[in-house]
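Enquirer: Take this structure first; my questions come after.
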Amino acid sequence: MISPISSGNVKTSIFYINDYHGKSINMERTMSASNTFDARNIDKKDTDILKLSSGDIMVGEDITINRAAIMFQNFIGITASAIGNHEHDIQGNIDKVLQYVKFNMLSNNVKINPRSPWSGVVKSSVIEEVNGHKYGIIGSTPVDLFTRSKLGPLQKDLTVDDAKETIYDIQREIDKLKNQGVNKIILLSHLGNTFEKIIATQTSGLDVILGGHSHDLIASVKEGENLLYGKDGAPVIITQAGKDGKTFGILNLEFDNRGIIKKVQNNIGYTKDFHRNMPLEYIFNKLFKDNKIYGEIKFAPSEPNDLLISSNPHGYFIADCMRKDLDCDIALIQSANMRGYFEKGQVDDRILNDILPFKNELYKIKYSEKDIVDAIRFAAETSYNSKAHKPGIFYVSGLRYVLNNKGQLLSMSYVDKSGKQTPININNPRYDKFYVTVINDYCAQGNDNLSMLNRPQQIVQKTGIDSAVCVANVIKNTKNPIEITDDGRIQVVSQ
């Protein structure tokens, strides 16, 4: 247990963020939270202040969104960040945003091609000195990077060490920092909470893991859960602040003169409790200078508790827009592709970017009935039975389906454009019945182990647009304000 020794201790307060996924409006709110944090600590001369990020603040291929993500981190004073999987979404144009980075980007478990734009940018670790006290900061990239990213130039740019090698990489970096006289060591991890717990217990000399990737919201400190002990018997604190910029963390620590944690307090803050920072809002509005208003939402329900496995009328509305705008039989959108929800009021580009930040190109593909059933079944069962609920269920248009509370598919129907429902035999779906389906390129390439959707020979059209364009087109061509309601097309029943 951590003892309440305080004499001669070093006090540290860390403002930490992770997995904002490009949500610029929540960045504005976080700026206000960061300013409040600064004001509360301005007279605390005995406390070392750090501001750190565990990655995935960027998202998608849109250069403007990712410039905003970098500017946000610069403005709030982030000094170091892990490199998450979504920092790699801009595969061909990453050099156009890296030039704006003013903080250290860290990953000690990647090997980078010298010709890559990342070459010379990424460091394994850094030493930050505050009030004469040294902190070693290490970064790690997810070992499942290539299953969480689109196929493309990224595979030529770098390789990622596997789980066993990553633990070795981290220990080697800890030892290097220790040899340089650093005894307070922080890992900025985008490895996910399950792996972070293993790292905590399988290394020596690590003090704090600021986590990411699995989107866990870890409040307070509980022994055995996020207070663990390393191989040297010293305490290791693990934190993580959820996802999508809804929350941030403040970790208060006291270290003794050996760099051992003696006191700890972990607080979670909610960005909804803060106003959008007006200066940053002004800068972002200038950055998003071509921001267009498309129409108005008259009514929208609240966001579901868990976007990845819940019935979600916001997702249904997006799928309906994809199907209508591209005139297809069926539309599929993976729930993980959404990062927000609609609210009553005007809909503009920034709102659509917050909700649909990835900008994945939509494909029209002829999928067999079996392909569609297999995809929906696999996504549901996998998501309901994984801790992080990844990869997320499919929101649909042109289909209705029922799951039990274990994610098992119980029934499905095709719904044509007139509203007529035709049952699908999910136990014996047809190989010879095809539907023109709109889906994004990430899923169409078979990512997230959705190999049944990788049917390049059946592509009808690569549309050159993303789902946000479809939503914008439908809204601006609808005369009356839109009401988003739940028609029950996906049902989850107890069984």
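Enquirer: Out of 297, 283, which single residue is of a type in the set (Val, Ile, Thr), surrounded by 18 or more Cβ atoms within 10 Å (Cβ to Cβ) and either touching an Asp or Glu at 6+ places or on another chain (Cβ under 6 Å) or more than 24 Å from residue 211 (Cα to Cα) (or both)? Full working, then the answer.
Expert: On the way: 283 fails: surrounded by 18 or more Cβ atoms within 10 Å (Cβ to Cβ).
The match here is 297.
Enquirer: Which of the following residues is modelled with pLDDT under 95, within 19 Å of the chain's Cα centre (by Cα), assigned by TED's automatic domain parsing to the domain that holds residue 469 and not in a strand (DSSP E or B): 336, 379? First the steps, then the outcome.
Expert: Numbers: 379 fails: modelled with pLDDT under 95.
Selected residue: 336, the only one of 336, 379 that is modelled with pLDDT under 95, within 19 Å of the chain's Cα centre (by Cα), assigned by TED's automatic domain parsing to the domain that holds residue 469 and not in a strand (DSSP E or B).
Enquirer: Quick check on the range 41-50: of everything there that is of a type in the set (D, E, K, R) and in contact with a strand residue (DSSP E or B) (Cβ under 9 Å, 6 or more places away or on another chain), which residue is farthest from residue 278 (Cα to Cα)? Lay out the reasoning, then the answer.
Expert: Of the residues in the range 41-50, the ones of a type in the set (D, E, K, R) are 43-46, 48.
Restricting the remaining residues to those that are in contact with a strand residue (DSSP E or B) (Cβ under 9 Å, 6 or more places away or on another chain) gives 44, 46, 48.
On the way: 44: 27, 46: 31, 48: 28 Å.
Residue satisfying both the conditions and the ranking: 46.
Enquirer: Take residue 111 and tell me if it is touching a strand residue (DSSP E or B) at 6+ places or on another chain (Cβ under 9 Å), among the basic types (Lys, Arg) and loosely packed, with under 15 Cβ neighbours inside 10 Å.
Expert: Judged against the criteria, residue 111 is a match.
Enquirer: Kindly indicate whether residue 244 is surrounded by fewer than 24 Cβ atoms within 10 Å (Cβ to Cβ) and either assigned to a loop (DSSP other than H, G, I, E, B) or without any contact (Cβ under 8 Å) to a residue 12 or more places away in the chain (or both). Working first, answer last.
Expert: Working: surrounded by fewer than 24 Cβ atoms within 10 Å (Cβ to Cβ): yes; either assigned to a loop (DSSP other than H, G, I, E, B) or without any contact (Cβ under 8 Å) to a residue 12 or more places away in the chain (or both): yes.
So residue 244 passes the test.
Enquirer: What's the total number of residues in the range 353-371 that are in a helix (DSSP H, G or I) and in contact with an Asp or Glu (Cβ under 8 Å, 6 or more places away or on another chain)? Give the steps one after another, and end with the answer.
Expert: Going residue by residue through the range 353-371, those that are in a helix (DSSP H, G or I) are 353-355, 369-371.
Narrowing further to those that are in contact with an Asp or Glu (Cβ under 8 Å, 6 or more places away or on another chain): 353.
So the count comes out to 1.
To keep it simple, each residue is scored yes or no on (1) touching a strand residue (DSSP E or B) at 6+ places or on another chain (Cβ under 9 Å); (2) in a helix (DSSP H, G or I); (3) basic (Lys, Arg).
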| residue | (1), (2), (3) |
| --- | --- |
| 8 | no, no, no |
| 38 | yes, yes, no |
| 52 | yes, no, no |
| 59 | no, no, no |
| 71 | no, yes, no |
| 81 | yes, no, no |
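Enquirer: So which residues in the range 393-414 are without any contact (Cβ under 8 Å) to a residue 24 or more places away in the chain and either closer than 16 Å to residue 487 by Cα or not in a strand (DSSP E or B) (or both), if there are any at all?
Expert: Start the filter on the range 393-414 by keeping residues that are without any contact (Cβ under 8 Å) to a residue 24 or more places away in the chain, which leaves 411, 413.
Residue satisfying the conditions is 413 alone.
Enquirer: Counting only residues that are out of contact with any Asp or Glu (no Cβ under 8 Å at 6 or more places or on another chain) and surrounded by fewer than 22 Cβ atoms within 10 Å (Cβ to Cβ), how many does the range 458-467 have?
Expert: 4
Enquirer: A further question on this structure: Among the listed residues 214, 204, identify the single one that is at negative phi, at pLDDT below 95 and part of a loop (DSSP other than H, G, I, E, B).
Expert: On the way: 204 fails: at pLDDT below 95.
Answer to the selection: 214.
Enquirer: Report whether or not residue 400 is among the basic types (Lys, Arg) and buried (at least 22 other Cβ atoms within 10 Å of the Cβ).
Expert: So residue 400 does not fit the description; no.
Enquirer: Identify, please: which residue in the range 346-364 is touching a strand residue (DSSP E or B) at 6+ places or on another chain (Cβ under 6 Å) and closer than 17 Å to residue 317 by Cα and is, among those, surrounded by the most Cβ atoms within 10 Å (Cβ to Cβ)?
Expert: Checked the range 346-364; the qualifying residue surrounded by the most Cβ atoms within 10 Å (Cβ to Cβ) is 362.
Enquirer: Moving on. Please go through (1) β-branched (Val, Ile, Thr); (2) in contact with a helix residue (DSSP H, G or I) (Cβ under 8 Å, 6 or more places away or on another chain); (3) assigned to a strand (DSSP E or B) for residue 436 and return the number of the only condition it doesn't satisfy.
Expert: Every condition holds for residue 436 apart from (2).
Enquirer: Right, residue 374: of a type in the set (Asp, Glu) and either under 24 Å from residue 458 (Cβ atoms) or in a strand (DSSP E or B) (or both) or not?
Expert: yes
Enquirer: Among residues belonging to the range 322-376 that are touching a Pro at 6+ places or on another chain (Cβ under 7 Å) and of a type in the set (Lys, Arg), point out the one that is nearest to residue 430 (Cα to Cα).
Expert: Selected residue: 370.
Enquirer: If a residue must be basic (Lys, Arg) and within 25 Å of the chain's Cα centre (by Cα), how many such residues does the range 161-193 contain?
Expert: Residues in the range 161-193 being basic (Lys, Arg) and within 25 Å of the chain's Cα centre (by Cα): 1 in total.
Enquirer: Which ones in the range 35-59 are surrounded by fewer than 23 Cβ atoms within 10 Å (Cβ to Cβ) and of a type in the set (Gly, Ala, Ser)?
Expert: 39 - this is the single residue of the range 35-59 that is surrounded by fewer than 23 Cβ atoms within 10 Å (Cβ to Cβ) and of a type in the set (Gly, Ala, Ser).
Enquirer: Mind listing whichever residues of the range 406-436 are of a type in the set (Val, Ile, Thr) and surrounded by fewer than 12 Cβ atoms within 10 Å (Cβ to Cβ)?
Expert: Let us first name the residues in the range 406-436 that are of a type in the set (Val, Ile, Thr), namely 415, 422, 424, 426, 436.
If the condition is that a residue be of a type in the set (Val, Ile, Thr) and surrounded by fewer than 12 Cβ atoms within 10 Å (Cβ to Cβ), then 422 is the only one that fits.
Enquirer: For the range 260-298, enumerate the residues that are out of contact with any Gly (no Cβ under 8 Å at 6 or more places or on another chain) and among the charged types (D, E, K, R).
Expert: Those that are out of contact with any Gly (no Cβ under 8 Å at 6 or more places or on another chain) and among the charged types (D, E, K, R): 262, 263, 272, 273, 276, 281, 286, 289, 290, 292, 298.
Enquirer: Do the conditions hold for residue 91, that is, is it part of a loop (DSSP other than H, G, I, E, B), surrounded by 15 or more Cβ atoms within 10 Å (Cβ to Cβ) and either in the same structural domain as residue 185 (by TED's automatic domain parsing) or not β-branched (Val, Ile, Thr) (or both)?
Expert: yes
Enquirer: Here is a further query. Out of 375, 319, which single residue is farther than 16 Å from residue 244 by Cα and touching a Ser or Thr at 6+ places or on another chain (Cβ under 7 Å)?
Expert: Only one candidate passes the filter, namely 319.
Enquirer: Now a separate question. Looking only at the range 60-83, count every residue that is over 14 Å from residue 17 (Cα atoms) and either surrounded by 24 or more Cβ atoms within 10 Å (Cβ to Cβ) or within 16 Å of the chain's Cα centre (by Cα) (or both) and tell me the total. Working first, answer last.
Expert: Step one: filter the range 60-83 for residues over 14 Å from residue 17 (Cα atoms), giving 60-68, 71.
Still in the list and also either surrounded by 24 or more Cβ atoms within 10 Å (Cβ to Cβ) or within 16 Å of the chain's Cα centre (by Cα) (or both): 60-62, 65-66, 68.
Number of matching residues: 6.
The values are calculated or read from the model by the stated rules, or taken from the named source; none is laboratory data. Note that the structure is predicted; figures quoted are calculated from it, not measured. Cβ sites come from the backbone with ideal geometry, for glycine too, and all protein chains shown count toward neighbours.
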